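K.L.:
Following this message is one structure expressed as structure tokens.
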Amino acid sequence: MTSIRFNPAQTPLQPGINLIEASAGTGKTFTIAMLVLRFVVEQGFPVESLLVVTFTKAATEELRGRVRQRLSQARQLLAGKTDAGDPVLKTWLAGLTLMPETIRSRLDQALLNIDQAAIYTIHGFCQRVLKDFALESGQLFDAELSGEVDSIKLACVDDFWRNNVYRRPPEQVAQLKAAYANPEDLLAAIRPVPAFAGLLPAFMPLDEHFAGIEALKPNASSAIGACLGEVLPDETSAFFKTSYIDELRRTVPDLEQWLEGGDWTPAVVEASALLTWDGLLEGLHGNKFRAAKNQTGEQRKLDFLSKLNLNTAPFEALAQATAQTGVVFRRALLEALPELMAKQLEQMNVLSFDDLINRVAAALQTEAAGMLAAQVQGHYQAVLIDEFQDTDRVQWQIFSRLFADGWLFLIGDPKQAIYKFRGADIFAYLQAKRQARQHYTLAYNWRSHPALVAAVNALFAKEHAFLLEGLAFYPVEAALPYDKQQVQRRGEILAPMALWQLPPADSKSGYWSKGKAIEQVQLAVVEEVLKLLDGSYTLDGMPIKPEHIAILVRSNQQARDYQAVLRAAGVPSVINGVDSVFAGNEALILYKVLEAVSRPGDAGLLKQALATGWFDLDGQDLYRLSRQEGLLDSWSSRFQGYYEDWRQKGLMAMMRHLLHRENIPGQLAKTVLAERRLTDIQHVLELLQEAVVSEHLSIAKTLAWLRSAISNADAAGQEQQLRLESDANALAISTAHRSKGLEYPVVFCPFAWQSGGSLDRNKAGVACHKDGRMWFDLGSADFQEHKQLAAQEELAEDLRLLYVALTRAQARCYLVWADVRTEAAPNPSALTWLLDLANGGYEDQQQRLQAFPRQWPQAFAYCELSAEPAFDYYSPALSNSRLSARRLTRTLYTAWQMSSYTALTALSQSDVPELPKTRAEDEPSESGLRDVTDMLPKGAATGNVVHDLLENNTFAELAQGRLDAVRRDQACLRFGVTMAQPAQLDRLLQTVVSTPLAADDAAFCLMNLKEGGCLKEMPFYLAVPGMNITEINRILAGEPAVQTLAEKSLCGFLTGFIDLVFEYQGRFYLADYKTNALTDYGPDSLIKAMHEHNYGLQYWIYTVVLHRYLQQRLPDYDYRRHFGGVRYLFVRGMSGDAPMRGVYAVQPDIERVEALTRVLAAS
């Protein structure tokens, strides 16, 4: 398919699958924001009908912000603000043929609803589908979502182990445990297996596997005597290596015993392998079979073995079968684990993130898939998938099934598909590319210097540079001017791509070993960093500082090594990584210290703790401890004290005491990595304390938890990731994987000569693509073929990783070549393949590297590294300017505040407390009556309880006396109310809800209100830029329940909660509950209480709020017809037998309501 350059503002939008390849630095996020804007304005799609999917939560927030910004800029430009937006936006807006009113309306609506925009991660989108379309998907989404399911998975593996190991005969158990000693090891062996990959070999039950081994034993038993009779006699054994014969004599007895029905031992496998044809061939002594005139040594070995009467076939079969035990064991677990996990998660009502995707994918394979697809398609009019190169086959099946026939835009860069280890599948991208109706590319790089863009284009100019069919490299053009992102040294412009080459090594071959090459390059990088920081190098005219530089490495360990060397040179640096804090040394030291504290009488544990480096003891001190019991006893006594602290006061209190008394922070402050170490100690302690509190851990359980966390550090959650040190003015060190999406002015790539090597590290098997899908081969008959395919795919991913690393640079990049290889095999790195460096020696490689600066002198520079680099210590230049504190230039006072009715009553010219502040201020009732209300405690706490119970129980339940005793007691406990007879509250609330609220309507009670017609604790906010207190006093003058307010400037928001808004017979009322203890509850007492506490001001404000609320909600609203009035319920005085007892009722007149509304609205 021909690629078309995509202009985010001008290229016509086409329905169907649109693939946009966004090379590094070409403005992918800008393009997505522009597409959203165009869909909103040009197509008239509501912003909430646009689906944008990306792959991290941070990316969703960035995208939402960029989309909001783009919409806002367009709206400002439309309003005539010419300084808003950029030329692209202005040109696009000028070219629209729509009416300005239409554009303005669409932009306003989009900005109003931007928070409803569907910008999700892939997991967030699937979660939304399952929730919003539960019926169509057949998935009732009420489970708890959890990202931490490793413990659940381990529990499932434990179940599998019990069911498949414990019940077996001892010899089979021994074979299985020889492969994997425990469930943890077995689980670790399947972790690299992708969830969606096909599995090889085919599943074989363990019973069938062991039956097959048993069937091979008779043939092997028959053949072993003759075979040993040929090999072990002196005249024959002399031709074998002594070590081979010794190993054969050691292991064969175990094999013979097992073949005759004895116990199985690991030696059985070793002996079987030694008696295979390859084993015998390997065992022959090379010096006995030197090459002759007509024969090689290997041919002579084969002739020798062929003359012996050897039947190795039984041992070939036996060795192959026994070697497969671990494979069959893992394959059986992989077969059983999905069902075990599904059952366990269902029982716990938990969903993993992978389950979200799998459930949506499964729903789209059912008979109801069409209905689900139609519902989702109706919800989203256009779909944009960000970072599409990081998708996988299952995710693409979901997107293509749902949206292929609509507006589907896939935005990403296949050259940056580097997350295979996380499940990303570049072949899913290539499949989507074949299905796409339109294929576009973004043509301009907005990140890097023009010469650096040209250098990257030149490096990847090779045909099929990225190895995979369908993954082409499209050169991009520079968008920046030549004088931007420019590095100079003493006024001389430097070529932005520096090619470094290590000279030949001192070895006979001239090839470097990996370790020596790393050390040599490391020294060269640090030396160059110090040169860049010496003040003679500038970036756009300003001196280069540490924060302008990044070093990109392959592993976290390499990052730590570089940080140590940089700190030794005085260069501040920060590692950008995701290591678990439990993988660090401080977690292990803390474990040793806590273990010693938990058993203070154990001298061995105590010595281990004291030798950790936390306790300011050198070698001489530790030697004296081992010789002088008195010194050791003194330490033991101190640790006994810490143990008592731990037992009585808890872990954190004990550790704070220990750290302070032993001055551990002071000791660590003297070390090179002081900040890192102290941060890690605090971090581990916080996580450990959290576990202690949440899981109620004893001392022994605390140690077990910490030990488990250290053992499982590789599977750490986000809260366990190392906290970053301060990165102010610091050089950045990052793995190339972590650097994706970032940019730095100056970048070092010191490991481009190194291959990934994951095939060598991964003992579980290999992942490769064949016949259109991914396969994971645990050890099938085609394993070698699949390993070769996997090696090609690994090389292809290394090429993409190299591209990512090189394109992080904005101004200068250092690319290092070191010929690390053996004499038999060339360097296997991506750089070797890309620049054709496999063949030829040092001079040939040098010629190839120097060809770049000869052809592109402005883009490349070549440098042969010194064999003995040396560097000084970094001393940043200190400013000579005089320092002074900034002066305060503005007042800290502001009249703006969030005010409430309470704040306004504080302005009352006379006021009394509504309730006693504490129960110590309670006064006895003067009424002399000993009814229910007099027995209730007075004070604000009782009022809180009454409000809580009226809010959280239905009035009908309260009327029937069905108040939940547990809820009542919890409310009393929460607010600190103690009652001898808690049931008094039940009777009080029953009375409150059954008291008539009108003298002429006995049915007008709270208990008769419809639950749907009640709005409890209605919140409100009124904007009050400036309140006119004088005008309020004038309007409410003469109101018996209102006090005059003192003058004060109030602005901001007036906020509060109305206890109850309800509808009765078509009219709307507001009510407020009061628990004041009055002498009596007649009309005069109620008016007096209302005035004393200025409740009148409160109900006037509430009336304005409800009046404005009803104006917005009722189409034909009329105050006189719809507003029923105000009810203040003094609950202690209410009586079901006496209508309106304890009830203050009032109907605010409309003229004052309107006048007060105008004052607040005008303000």
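What follows draws every value from the coordinates through simple rules; no lab data is involved. Predicted model only: the values in this text are computed from it and were never measured. Positions of Cβ are backbone-derived with ideal geometry, glycine not excepted, and every protein chain shown enters the neighbour counts.
K.L.:
Using the 2.2 N^0.38 Å rule of thumb for compact globular proteins, work out how region 74-232 stacks up: its C-alpha Rg over that value, please.
P.N.:
2.16
K.L.:
Pick out, in residue order, every one of the GluC sites (Glu not before Pro) in region 1013-1109 that is DSSP loop and has at most 11 other C-beta atoms within 10 Å; say none if there are none.
P.N.:
Glu1047
K.L.:
Then there's this: Name the GluC sites (Glu not before Pro) in region 211-275 that are in a loop by DSSP and that have at most 14 other C-beta atoms within 10 Å, would you?
P.N.:
Glu260
K.L.:
When Rg is the radius of gyration of the Cα atoms in region 451-560 and Rh is its Kirkwood radius, what does Rg/Rh come to?
P.N.:
Expressed as Rg/Rh, it is 1.03.
K.L.:
Taking loop as defined by DSSP and a crowding limit of 14 other beta carbons within 10 Å, which trypsin sites (Lys or Arg not before Pro) in region 258-315 fit?
P.N.:
Arg290, Lys293
K.L.:
Here is a further query. For Leu888 and Arg1067, calculate 0.36 nm times their separation in residues minus their Cα-Cα distance, and state this gained length in nm to one decimal.
P.N.:
Computed gain between Leu888 and Arg1067 is 58.8 nm.
K.L.:
For Thr954 and Asn163, FRET efficiency with R0 = 60 Å and r from the beta-carbon atoms, rounded to 0.05?
P.N.:
Numbers: r = 51 Å, r/R0 = 0.84.
In this case the efficiency is close to 0.75.
K.L.:
Here is a follow-up. Sort the following peptides by mean Cβ neighbour count (other Cβ atoms within 10 Å, averaged over residues), highest first: 448-454, 956-962, 555-561.
P.N.:
448-454, 555-561, 956-962
K.L.:
From the helices alone, meaning DSSP H stretches of at least four residues, give me the mean residue ellipticity at 222 nm for the chain, per-run term -39500 (n - 2.57), in deg cm²/dmol to the nearest 500.
P.N.:
Calculated mean residue ellipticity at 222 nm is -14500 deg cm²/dmol.
K.L.:
Next up: Which value results when the Cα radius of gyration for the chain is divided by 2.2 N^0.38 Å? Intermediate results must be reported in sequence, preceding the final value.
P.N.:
Details: Rg = 39.4 Å, N = 1163, 2.2 N^0.38 = 32.2 Å.
For the chain, the normalised Cα radius of gyration comes out at 1.22.
K.L.:
List the longest stretch of the chain that has no exposed loop site; here a site is one of the chymotrypsin sites (Phe, Trp or Tyr not before Pro) assigned by DSSP to anything other than H, G, I, E or B, with at most 10 other Cβ within 10 Å.
P.N.:
Answer - 167-872.
K.L.:
Compute log10 of I(q)/I(0) for region 285-426 with the Debye formula, placing one identical point scatterer on every Cα and leaving out solvent, at q = 0.15, 0.18, 0.20 Å⁻¹, to two decimals.
P.N.:
So the normalised log intensities are -0.96, -1.19, -1.26.
K.L.:
In Å and on Cα atoms, what radius of gyration and Dmax does region 1-117 show?
P.N.:
Taking only Cα atoms of region 1-117, I get Rg and Dmax of 14.1, 43 Å.
K.L.:
Gain in length, Thr97 to Ala292, computed as 0.36 nm per residue apart minus the alpha-carbon separation, to one decimal in nm?
P.N.:
61.3 nm
K.L.:
Now a separate question. Please report, in whole Å³, the volume per residue of the convex hull around the C-alpha atoms of region 528-668.
P.N.:
156
K.L.:
How high is the FRET efficiency between Asp234 and Arg854 when r is their beta carbon distance and R₀ equals 45 Å, given to the nearest 0.05?
P.N.:
Using R0 = 45 Å, I get an efficiency of 0.10.
K.L.:
How large are Rg and Dmax for region 165-349 when calculated on the C-alpha trace, in angstrom?
P.N.:
Expressed in Å, the Cα Rg and Dmax of region 165-349 come to 20.6, 76.
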